[in-house]
Amino acid sequence: MSQKIISRIFINTQKPSQLIGAIIGCFLGFFLIFIAAQLFADFKTMVNSQEQSIGSQFLVVNKQVSVLNSLKLGKSTFSKNEVDQLKSLPSIKRISEFTANQFEAVASMSLPNSSAQFRTELFMESVGDDFLDVKPDDWNWQEGNEMIPMILPTDFINLYNFNFAPGRGLPQLSKATIQLAIFDIDIRGVKGTAHFTGKIVGFSNRISSVLVPKSFMNYANSHYGNNQQATESYRIIVEAKQQELPKIQQYFEDEGYETNEELLKNGKFGSLLQAILGILAVLGMIVMLVSVSSFVLYVQLAISRSKYEIETLLRQGYPHKKIVHWYSKQLALIFSIIAIVNLTLVFGVKSITNSYLENFGFEAPAQLNVFVIVGGFLLIAILWIVQTLNVRSQIYSLALPSSIG
């Protein structure tokens, strides 16, 4: 019966608009914190993902080609000292040199449903497996194998399908179709000739070159090519720290190195996104603190408006604990609703964000981060405890200590 009386007193002495305003303010503050924390957690997950490598930036680097190179009076290879210098930079995580074929290689195949034959000279390269963005299961080769696994750049397929094939009446080929085809590969070098077959086992968006396993390249250069220049490379690939990209760009400019400027821009965008999420979290914290302060003031004002009625109940023998318990239960209900609705909305926003990221080839976790859920409820619990203690202090101050029970 006392609970109904307290409810009636609270309803009759309060202004619903003020309560709704306080709840909306609290809701918005917590929503900004929850969404910023969730997006930041997703970003960190993708950053730490070896497959997506957002936290690192892979840059293929070469030297600028000048008139001296055209006249064969200059070299555009990287010396051992230059490679060691790059390795020593704090902004570079690791580095790998490209090994190019030092022999002629010609690939040929008959196109399906056509009498035409595809024939081209290949420029092949190999690089450390850790720097590949695709790692097929059959990416291996050992001496004695006739089949050479190969990785093609995705741009190569796009050029064929949308530029070369339409102009010559040739069929367009899907990636799946190309991976079914077997190439004939004829090798001719200063040390002899050889015949192999090749199979496309993957497509790379990171490296614009026909890639073969390092084991094959070392074997073929040794047995058929001229490996006098094997100690120097024309191109290298570096894994750089994303936050250090401006320093790396300046270093490349000073040394006369070239890389894909668009990749540098994408890496800087990742750093900018991380900073924006941090700002959003700080903004959410500020809004939450302001809204919580307003909520505390509202509760104090609500009790003050009901002071006469509450004192009357206390004088009639109602225990302080029951009144505090009623207020505490209402606060728990309000905060629980705020937490549940917030997390539901955050999950909805996350689902939309995940679909957007998939369009750009990124993959974020499907579920809410457990630390965001636990942290959210913990934050709500702390707020509830603070508010309950505030209510208890006010209620217990409305009567003489002798009446407290």
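Just so you know, all these numbers are worked out from the coordinates, no wet-lab data involved. All values derive from a computational prediction rather than experimental measurement. Cβ coordinates were reconstructed from backbone atoms using ideal geometry, including for glycine residues, and neighbour counts include every protein chain displayed.
Tell me the net charge near residue 321. Cut-off is 15 Å between Cβ atoms, residue 321 excluded, with +1 for each Lys or Arg and -1 for each Asp or Glu. Summing Lys and Arg as +1 and Asp and Glu as -1 gives +3. With θ taken as phi - 60° and the Karplus curve 6.51 cos²θ - 1.76 cosθ + 1.60 applied, the whole-hertz 3J(HN,Hα) list for segment 323-339 is 5, 4, 4, 5, 4, 4, 5, 5, 5, 4, 5, 4, 5, 5, 4, 4, 5 Hz, x standing for glycine and proline.
Taken one residue at a time, the phi angles of segment 20-29 give Karplus couplings (6.51, -1.76, 1.60, θ = phi - 60°) of 4, x, 5, 5, 4, x, 4, 4, 5, x Hz. Gly and Pro are set to x.
Seen from a random direction on average, the alpha-carbon convex hull of segment 353-398 projects onto 4.2 square nanometres. When 180, 170 are sorted by how many other C-beta atoms sit within 10 angstrom of their C-beta, beginning with the fewest, the order is 180, 170. Measure up 214/247; 44/135; 63/87; 329/350 against 28 Å on the Cα-Cα distance and list the ones that go over. From 214/247; 44/135; 63/87; 329/350, over 28 Å: 214/247; 329/350. Positive contributions from Lys and Arg (+1) and negative ones from Asp and Glu (-1), summed over other residues with Cβ under 11 Å from the Cβ of residue 126, come out at -2. Counting neighbouring beta carbons within 10 Å and listing from fewest to most, the residues 254, 155 come out as 254, 155.
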